[in-house]
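The structure appears right after this line, and notes come after that.
The values are calculated or read from the model by the stated rules, or taken from the named source; none is laboratory data. In this text, all values refer to a predicted model and were calculated from it rather than measured experimentally. Here the Cβ is made from the backbone with ideal geometry for all residues, glycine too, and neighbour counts use every protein chain on show.
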């Protein structure tokens with residue numbers, strides 16, 4: 001592992017190779033299900049029907065490229081903090097006197113939970129709000145979020 005430069009801020013874009021997405025789709029298509037113990041409920045882990053619904057959603061209904069495009073529509077960066085690579089969104093308001101605001105998420109959530117409020121917070125004028133309420137946003141990914149481990 002190389003030492004992470006703590007002074008450098010690097011541009012970042014999510015760009016998952018299509019081969020990785022194809023590999024995931026193939027693996028999901030080949031899932032082999034085991035039987036569930038009758039009446040076990042959650043005593044032995046996540047119920048089988050719930051895991052099956054997740055796999056079906058990932059296989060048949062989830063559009064990674066749409067989410068990748070949505071995330072990439074915001075300015076993203078990485079930097080080193082205390083030797084760790086940290087991913088963050090930095091959305092500047094069009095209002096020059098906007099107040100800086102740090103938005104942090106908890107575990108196990110991600111920066112995705114803030115996507116619907118970025119526009120209203122950074123550009124309230126465009127959302128029928130008062131421009132005086134504008135914020136320059138910094139939204140870091142916490143360490144448990146995979147994006148912070150991307151280099």
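Check whether at least one residue in the stretch 52-63 is more than 30 Å from residue 117 (Cα to Cα) and at pLDDT 95 or above, and report yes or no. Quick ask: steps written out before the conclusion?
Taking the stretch 52-63 as the starting set, the residues that turn out to be more than 30 Å from residue 117 (Cα to Cα) are 52.
Cutting the leftovers down to at pLDDT 95 or above gives us 52.
Among the residues of the stretch 52-63, at least one is more than 30 Å from residue 117 (Cα to Cα) and at pLDDT 95 or above, which makes the answer yes.
For the stretch 1-36, what are the residues that are in a loop (DSSP other than H, G, I, E, B), exposed (fewer than 11 other Cβ atoms within 10 Å of the Cβ) and modelled with pLDDT of 85 or more?
8, 13, 15, 17, 30, 32, 33, 34, 35
Going by the conditions given, is residue 80 loosely packed, with under 10 Cβ neighbours inside 10 Å and within 30 Å of residue 119 (Cα to Cα)?
Criteria not met by residue 80.
Table: residues versus (1) exposed (fewer than 13 other Cβ atoms within 10 Å of the Cβ); (2) closer than 30 Å to residue 135 by Cβ; (3) without any contact (Cβ under 8 Å) to a residue 12 or more places away in the chain; (4) not assigned by the TED database to the domain that holds residue 25.
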| position | (1), (2), (3), (4) |
| --- | --- |
| 42 | yes, no, yes, no |
| 46 | yes, no, yes, no |
| 59 | no, no, no, no |
| 88 | no, yes, no, yes |
| 102 | yes, yes, no, yes |
| 106 | yes, yes, no, yes |
| 110 | no, yes, no, yes |
| 120 | no, yes, yes, yes |
